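Peer 1: Before we start, here is the structure in question, set down as structure tokens.
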2 protein chains.
Amino acid sequence: MNLTKLLKPKSVAVIGASEKEGFGGDVCRNTLSYVEDMSRVYFVHPKRESVFGVPCYKSISDIPDTIDMMVICTSQKTVIPLLKEGAAKGVGGAVVFASGYGEIGTDEGRKNEAELIAAAKELDIAVMGPNCAGFVNYIDNVQAFAFISAKRDRKGSVGVVSQSGQLCLSMMDAPGMRFSYSISAGNGKIVQMEDYMEFLVEDEDTKVVSVYIEGVKNAAKFADVLKKAAAKKKPVVILKAGRSAKGGAIAASHTGSLSGSDASFDAVLKKFGAIRVDDLEELIATSLMLATLDHYPKKAVFASMNLSGGETGICADVGSLNGIEYPDFAPETLAKLKEQLPSYASPNNPLDMTASLSYDADLYAGALSTVMDDPNIEMVLIGYTLLLEVADPAIHYMYQGIEKVVREKGENCKPIAMIPFAENTRNPEYQEKLFKIGVPILPPPVYAFKILRHLADFISYTSEGKTLELSAGAPAGKDTFALSEHDSKMELADFGVDIPKEVIAKTVEEAAAFAESANCPLAMKVESADILHKSDVGGVKLNICGKEAAIKAYEEIMSNVTGARPDAKINGILMVPMLKPGVEMIIGVNNDPQFGPMIMVGMGGVFVEVFKDVALYPAPLCEAEALDMLKSLKSYKLLNGYRGNAKCDIPALCKTIAGISRYASANKDTLKELDINPLFVYPEGEGVGVADALIVKHVK
Amino acid sequence: MNLTKLLKPKSVAVIGASEKEGFGGDVCRNTLSYVEDMSRVYFVHPKRESVFGVPCYKSISDIPDTIDMMVICTSQKTVIPLLKEGAAKGVGGAVVFASGYGEIGTDEGRKNEAELIAAAKELDIAVMGPNCAGFVNYIDNVQAFAFISAKRDRKGSVGVVSQSGQLCLSMMDAPGMRFSYSISAGNGKIVQMEDYMEFLVEDEDTKVVSVYIEGVKNAAKFADVLKKAAAKKKPVVILKAGRSAKGGAIAASHTGSLSGSDASFDAVLKKFGAIRVDDLEELIATSLMLATLDHYPKKAVFASMNLSGGETGICADVGSLNGIEYPDFAPETLAKLKEQLPSYASPNNPLDMTASLSYDADLYAGALSTVMDDPNIEMVLIGYTLLLEVADPAIHYMYQGIEKVVREKGENCKPIAMIPFAENTRNPEYQEKLFKIGVPILPPPVYAFKILRHLADFISYTSEGKTLELSAGAPAGKDTFALSEHDSKMELADFGVDIPKEVIAKTVEEAAAFAESANCPLAMKVESADILHKSDVGGVKLNICGKEAAIKAYEEIMSNVTGARPDAKINGILMVPMLKPGVEMIIGVNNDPQFGPMIMVGMGGVFVEVFKDVALYPAPLCEAEALDMLKSLKSYKLLNGYRGNAKCDIPALCKTIAGISRYASANKDTLKELDINPLFVYPEGEGVGVADALIVKHVK
């Protein structure tokens, strides 16, 4: 969907222009406060001659100009006729504030919504809303927003799209935030969240895309947008409720979005390198930091500079809790700092500069410059609590010192951020000054280092070698059926999963013959899609050697199973070579209703069950991605030569995971779930062994 | 040490009173801004007639009054003579700002410090400092603080003591913070941190004790203070650097405090129910919340009320990440809310009230009252982003609604806190109004729910049944020696640890005789304090049955060991019944240099090594505390009847842990470390088996 006429209109008509409180009045007020060039903004009201001194047209048809976008401030009943009238004037975008649609939960509401969607489609108008708060385009000065907020210059490079008007408004009110676009999309019934995200990812004026979303509607589009962002290395920062069961229920009930599994959502963002945050403050501060920095550090290696030992300790501790790397300073740096700092300071990273330097801009600049020049450092974090009322003159000198370094280093200046230790940082003068030289002020440490962790992950992410797609489009049917162990294994074998040779003995004679020819002990298991828990019904016999034992086992299994489950259709007895024991892994696939097959890997038994030590990643995936999954497990070290044990055959394991993911993607339209439990992993060069497999499919 | 004359003086002399910038000038300025009754505050300067219009005395001896406390604003060289002069006038407390002591790292500095400590002791004067920023007593209006901060009413109930002047100042500048005392204690060479903490714990005007500490100096006193606080149920909130290796090094270097293990520090706080925070913002906000609430909730069960779905989802998610419990509302509550909220709202906890209610005080009060009356709820969290510049009138109505509920419920009003979603909450008018009715404003969710977790832990803590003491006082010697397995076990047996019957065979005949009389298979191990890794030298034989096998094993072990370790003193061969296998646990003791023996418990093997799933707790401890340790393990469920396995003999395990803790406490003066690895835990009623034990002691 092309959103240019909606979001970057050349001409705008405000329908229902008014001087009263309400949508019409607020849009007119906002427009008059912010828009300098009113030459192609038209106010429309059937009964008014003028609004706030601006002449009014009786109807959109009366306007002597073509119109790209109309802001419809009038009630639900007027909307479709207005769209029709607008279409004739060239309208390609419209904002609809009115409620009375799906959100009211009545049949009439749903009918109104369906009619609006149909009309928008027929007239080819990109409609924002209904029941939304509208948007502001700060780049071209388009005001189509239904709420007034305190006036200030907000033009910048954060592109916001939010499904919540309240959160959008809070972002607009956040001191220091500067936007390219601020879009409060409401339920997004016509133009969807994914469409706005795409616009912002492609928009040249938008440096950071900042999103509050309650649920993904179009997973394929969502993936495609994130892929474009990854290619451009443009950060997409996403707040989505639903980490907890209660949060998920609220998100689902609130907009009626189909809420996929939250863990799947996380895994999708990880694949595409998008940033997920936990609350609004984190969304604001992460976006603000990413937008303010002139460029991002080349590597996630930080220096921390503070004015006291207590503050330095906090940065060391909270940084380390978030995995922030503070490399040791190089010997030259230490030697130079020893000259630049008071004799009682003991230079180190994090660095306690002592408070004395904060009262001399040149000394401060000197020490900052020394730290920045360190070859092990790519970003400098300045710890300082900037007070709302500047009682302490230190900030004057520190600012001058920072400004000097930024100016003198020019393009070679490494990124700098300021971290206050208490939330008292809204001194607008210095916030603005620091913003202008590309130095963001972060929130206090617990947030700040969480945000720097996002930065570290963002710059460490690479899309190279990743399969940047999803296999979205899972079936919704409720009826399912299981495949037998043998059938499950055979489906996987077709996708390169290494399955030991096995046969189904349909008669006791076949069993005897196979056992006689086998040169190893066998496992014998009842082969039936109806019996999932084979051991429970006496359907498994292990370590069978030779003809006699096989005959006995065959007869016992058959007798046990037909006794316990007379209803089950039995295909025979599966005869498999006994696998030698190895490290036990579990590989599972769950076909997420939104994002398609999600591959789960973990070490067997308590590792998965008690410690929840699992990795989740969307199919399809390649062997390198499988390796990344394994490396993210705490138990990875148990695979990798733990305590002198043999190193496991990790390449064979990765090949198996990738094969399973290919199977899952190829069967995304029928697969419900898949379990390999256990998979034995053997020492290097000896491969893996699938000990059991179960595939469950949807009935087509 | 009695701090009354220092911190609650009836008369004060400011030595070095001045109108210039610097200590003397700042103390005089602060005094004149804040102190109303100057009748017993005396300014002293040898050359001035008056300072800011206040008459000056030439010396402290000239003052026609007894003096409790002197604020010494003059240089290092003047301090001891002044203390002597003051002592004659009755001085019992003094603040010393001067530097030139231990902190400068020279011999002269150290000498000055020793002399000052000796003089203070001899004269019986409680000296704050040296090299400190002083204190303010807001209750009795005593100003002995060396820095100016913006003037406002700060009298309240948070008692602060900080080893960092910078952090103390930042707390004093935090909007909304109100103090009983604010003490910037510096290095605390004479009056120590633990003394100030004790004063604040005992002080009736202090409701919350808020501490920044770099290291504990007197562990026994520290424990005693925390015990007093636990008895009074007075919260002690502590920020201490050192969670990370780098943070620990900074804290240690900065004040020269002996930094014990950070994990031990955590365990000590846990035992006594003190609260540990990660940064200054968390310290401020936790203290402010605890001081503002009129009373604490009876149980940690919360309701969350918000104005939008997005905000509700954030509270659900971030609350749940912090283990906050949101019980479902009772049916009556839901029914009542359905009447009180708009038809499209779907009542639930967390609750999206929709924004409409925020514009009507009575409706808001009605819904708040309904939620508060719910029998499952003990505290209400109101989500609302209070803007710095109040553009949105909602807060007026919401405040009125809240005030009405607080007033009408009176003593039955359950605690309320407000949570903003973005940090933009410094609107001083409403912050003050809400403070006055006992409603704190917390920081945004990532901090807020961390802080509410602290509250939940604080109110859930009980000192009942806990051994509220430490066995501090570990030896510092470097030379150590190990006990043999048998000797280690025997020492433990004396403290009630169940040790299987075992003998040391000193000759092959003794070995043969014991094996003959034994009615079970035996393990035979070389018994020598010189050989810690017995298997490595062929010193272990397992499953020995009968005389012949014992003779063979004896000879082989002796031959192996004397070959491999001809130097080792061998006591004989330890002969132990083979233990049947059970669930493997590890119990360890490490004698912390500050806090004494710390008991460590974990499940054997990868659980400890890969997942770091261990519990740490200071000795002594009782069986109930041992059980709490076990319950804190993720692997606890493996002991407690996991997946149909037999339940382990947890009482026997607890008894063993408590016995080991008694042993460790009794041997705190010699013990270095102790390891039982593994301890087999058997099914209920079958006890435990110590399979190996190693005690290492300090040479006295």
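The values are calculated or read from the model by the stated rules, or taken from the named source; none is laboratory data. Every value quoted in this text rests on a predicted model; they were computed, and no experiment measured them. Here the Cβ positions follow ideal geometry from the backbone for every residue, glycine too, while neighbour counts run over all protein chains shown. Accessible surface areas use protein heavy atoms only, side chains included; no ligands, DNA or RNA. Shrake-Rupley method; radii C 1.70, N 1.55, O 1.52, S 1.80 Å.
Peer 1: Of the residues A:Asn571, A:Asn590, A:Asn519, which is modelled with pLDDT under 95 and over 46 Å from the mean Cα position of the chain (by Cα)?
Peer 2: On the way: A:Asn571 fails: over 46 Å from the mean Cα position of the chain (by Cα); A:Asn590 fails: over 46 Å from the mean Cα position of the chain (by Cα).
Checking each option against the conditions leaves just A:Asn519.
Peer 1: Output the number of the condition that A:Leu258 fails; it satisfies all remaining conditions of (1) part of a loop (DSSP other than H, G, I, E, B); (2) under 16 Å from the mean Cα position of the chain (by Cα); (3) at pLDDT below 95.
Peer 2: Status for A:Leu258: all satisfied but (2).
Peer 1: How many residues does the range B:610-631 contain that are within 14 Å of chain A (Cβ to nearest Cβ) and under 16 Å from B:Ala263 (Cβ atoms)?
Peer 2: Qualifying residue count for the region: 4.
Peer 1: Being crowded, with 22+ Cβ neighbours inside 10 Å and modelled with pLDDT under 95 is the filter; apply it to the range B:147-164 and report the residue that is farthest from the other protein chains (Cβ to nearest Cβ).
Peer 2: Once the filter is applied, the top-ranked residue is B:Gln163.
Peer 1: Which condition does A:Asp317 not pass, out of (1) within 30 Å of A:Asp457 (Cα to Cα); (2) in contact (Cβ under 8 Å) with a residue 40 or more places away in the chain; (3) within 10 Å of chain B (Cβ to nearest Cβ), if it passes all the others?
Peer 2: It fails just one condition, (2).
Peer 1: Just to check your reading of the model, which residue among A:Gly90, A:Gly102, A:Gly109, A:Gly134 is farther than 24 Å from A:Met197 by Cα and either within 36 Å of the chain's Cα centre (by Cα) or buried (at least 21 other Cβ atoms within 10 Å of the Cβ) (or both)?
Peer 2: A:Gly109
Peer 1: Only one residue in A:Val537, A:Val508, A:Val497 is touching a residue at least 12 places away in the same chain (Cβ under 8 Å) and either in contact with a Ser or Thr (Cβ under 9 Å, 6 or more places away or on another chain) or assigned by TED's automatic domain parsing to the domain that holds A:Asn677 (or both). Which one?
Peer 2: Working: A:Val537 fails: either in contact with a Ser or Thr (Cβ under 9 Å, 6 or more places away or on another chain) or assigned by TED's automatic domain parsing to the domain that holds A:Asn677 (or both); A:Val508 fails: either in contact with a Ser or Thr (Cβ under 9 Å, 6 or more places away or on another chain) or assigned by TED's automatic domain parsing to the domain that holds A:Asn677 (or both).
The conditions single out A:Val497.
Peer 1: Let me ask something additional. Answer yes or no as to whether B:Asp352 is touching a residue at least 12 places away in the same chain (Cβ under 8 Å) and surrounded by fewer than 15 Cβ atoms within 10 Å (Cβ to Cβ).
Peer 2: Numbers: touching a residue at least 12 places away in the same chain (Cβ under 8 Å): yes; surrounded by fewer than 15 Cβ atoms within 10 Å (Cβ to Cβ): no.
Considered against the rule, which asks whether it is touching a residue at least 12 places away in the same chain (Cβ under 8 Å) and surrounded by fewer than 15 Cβ atoms within 10 Å (Cβ to Cβ), B:Asp352 comes out as no.
Peer 1: Name the residue that is nearest to A:Pro175 (Cα to Cα), counting only residues in the range A:399-424 that are within 14 Å of another protein chain (Cβ to nearest Cβ) and of a type outside the set (Asp, Glu).
Peer 2: Filtering the range A:399-424 down to residues within 14 Å of another protein chain (Cβ to nearest Cβ) leaves A:419-424.
The next check asks that each one be of a type outside the set (Asp, Glu); those that pass are A:419-422, A:424.
On the way: A:Ile419: 16, A:Pro420: 15, A:Phe421: 18, A:Ala422: 16, A:Asn424: 12 Å.
Once the filter is applied, the top-ranked residue is A:Asn424.
Peer 1: Continuing with this model, one more query. Would you call B:Asn571 within 14 Å of chain A (Cβ to nearest Cβ), under 30 Å from B:Asn519 (Cβ atoms) and surrounded by fewer than 19 Cβ atoms within 10 Å (Cβ to Cβ)? First the steps, then the outcome.
Peer 2: Values: within 14 Å of chain A (Cβ to nearest Cβ): no; under 30 Å from B:Asn519 (Cβ atoms): yes; surrounded by fewer than 19 Cβ atoms within 10 Å (Cβ to Cβ): yes.
Taking the combined requirement at face value, the residue does not satisfy it.
Peer 1: Could you grab the pairs with beta carbons closer than 6 Å, sequence gap of 6+ or different chains, first residue in the range B:362-390 and within 14 Å of chain A (Cβ to nearest Cβ) and under 21 Å from A:Leu167 (Cβ atoms), second one open to solvent by 20 Å² or more (accessible area, probe 1.4 Å) and outside any strand (DSSP E or B)?
Peer 2: What qualifies is B:Leu387/A:Asp173; B:Leu388/B:Arg426; B:Glu389/A:Ala150.
Peer 1: With A:Glu311, A:Glu281, A:Glu332, A:Glu339 as the choices, which residue is under 13 Å from B:Ile250 (Cα atoms) and either in contact with an Asp or Glu (Cβ under 6 Å, 6 or more places away or on another chain) or in a helix (DSSP H, G or I) (or both)? Can you show your working first?
Peer 2: On the way: A:Glu281 fails: under 13 Å from B:Ile250 (Cα atoms); A:Glu332 fails: under 13 Å from B:Ile250 (Cα atoms); A:Glu339 fails: under 13 Å from B:Ile250 (Cα atoms).
The unique qualifying residue is A:Glu311.
Peer 1: Still on this structure, I have one more. Name the single residue, out of those in the range A:308-326 being open to solvent by 10 Å² or more (accessible area, probe 1.4 Å) and not acidic (Asp, Glu), that is farthest from the chain's Cα centre (by Cα).
Peer 2: A:Ser308
Peer 1: Another question about this same structure. Can you pull out the strands (runs of 3 or more DSSP E) entirely within the range A:563-624 that have at least 3 residues that are under 24 Å from A:Glu510 (Cα atoms)? Show your work before the answer.
Peer 2: Values: elements: A:572-577, A:583-592, A:596-603, A:614-618.
Here the list reads A:572-577.
Peer 1: Please list, ordered by residue number, the helices (runs of 4 or more DSSP H) wholly in the range A:429-534 having 3 or more residues that are among the aromatic types (Phe, Trp, Tyr). Spell out the reasoning first.
Peer 2: Values: elements: A:445-460, A:485-493, A:508-517.
Here the list reads A:445-460.
Peer 1: Out of A:Ala691, A:Ala658, A:Ala664, I need the residue that is closer than 24 Å to B:Tyr642 by Cβ and open to solvent by less than 60 Å² (accessible area, probe 1.4 Å). Which one? Spell out how you get there, then give the answer.
Peer 2: Working: A:Ala658 fails: closer than 24 Å to B:Tyr642 by Cβ; A:Ala664 fails: closer than 24 Å to B:Tyr642 by Cβ.
After ruling out the rest, the residue left standing is A:Ala691.
Peer 1: Of everything in the range A:270-291, what is facing another protein chain (nearest Cβ under 8 Å), surrounded by 23 or more Cβ atoms within 10 Å (Cβ to Cβ) and not hydrophobic (A, V, I, L, M, F, W, C)? Give them in sequence order.
Peer 2: A:Asp279, A:Glu281, A:Glu282
Peer 1: Now for a separate question. When you go through (1) of a type in the set (Asp, Glu); (2) open to solvent by 30 Å² or more (accessible area, probe 1.4 Å); (3) within 14 Å of chain B (Cβ to nearest Cβ) one by one for A:Asp26, which number turns out not to apply?
Peer 2: Only one criterion in (1) of a type in the set (Asp, Glu); (2) open to solvent by 30 Å² or more (accessible area, probe 1.4 Å); (3) within 14 Å of chain B (Cβ to nearest Cβ) is unmet by A:Asp26, namely (2).
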